[in-house]
Amino acid sequence: MSFNNSSTSSSGSNSTSSGSGSSYEITSSGTNDQGNYYCSRDYGIGAANDNSYHYSNTDGSYYYSNPNGSTYYNSGSGYFNYTPPQDK
């Protein structure tokens, strides 16, 4: 489940979106030298997790670190793990 975050391409446009009720700014995205895609998002000061991101690997696995503090991992071959947000 490791991900090498050395990017060979990245977005410098800092895109924004407000779909599905939560607005965010894409602060970084790209594909590393293994062909794995990542995207880092800033949901603002109200988010429980100020370092939200996701990545998708060429083996079909993917991982989400969500703005509410939850995480989700899917191996792409049947295994998945969800961790709910932690109470503060």
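Read the figures in this text as sums done on the coordinates, not as results from a lab. Remember, predicted model here, so these are calculated numbers, not experimental data. For neighbour counting, all protein chains shown are included, and Cβ atoms are generated from backbone atoms with ideal geometry for every residue, glycine included.
Miscellaneous remarks
- Per-residue HN-Hα couplings for region 41-53 [Karplus 6.51, -1.76, 1.60; θ = phi - 60°; Hz; x = Gly/Pro]: 10, 10, 9, x, 5, x, 7, 5, 10, 7, 10, 6, 7
- Rounded to whole numbers, the Karplus 3J(HN,Hα) couplings from phi for region 77-85 are 9, x, 8, 9, 9, 10, 10, x, x Hz, using 6.51 cos²θ - 1.76 cosθ + 1.60 with θ = phi - 60°, and x at Gly and Pro.
- Paramagnetic label zone (point 7 Å from Cα along Cα-to-C-beta, Thr83; backbone N under 14 Å) in region 36-65: 49-53, 63-65
- With the simple spin-label model, which puts each label point 7 Å out from Cα in the Cβ direction, the Ser75 to Ile26 separation comes to 3.0 nm.
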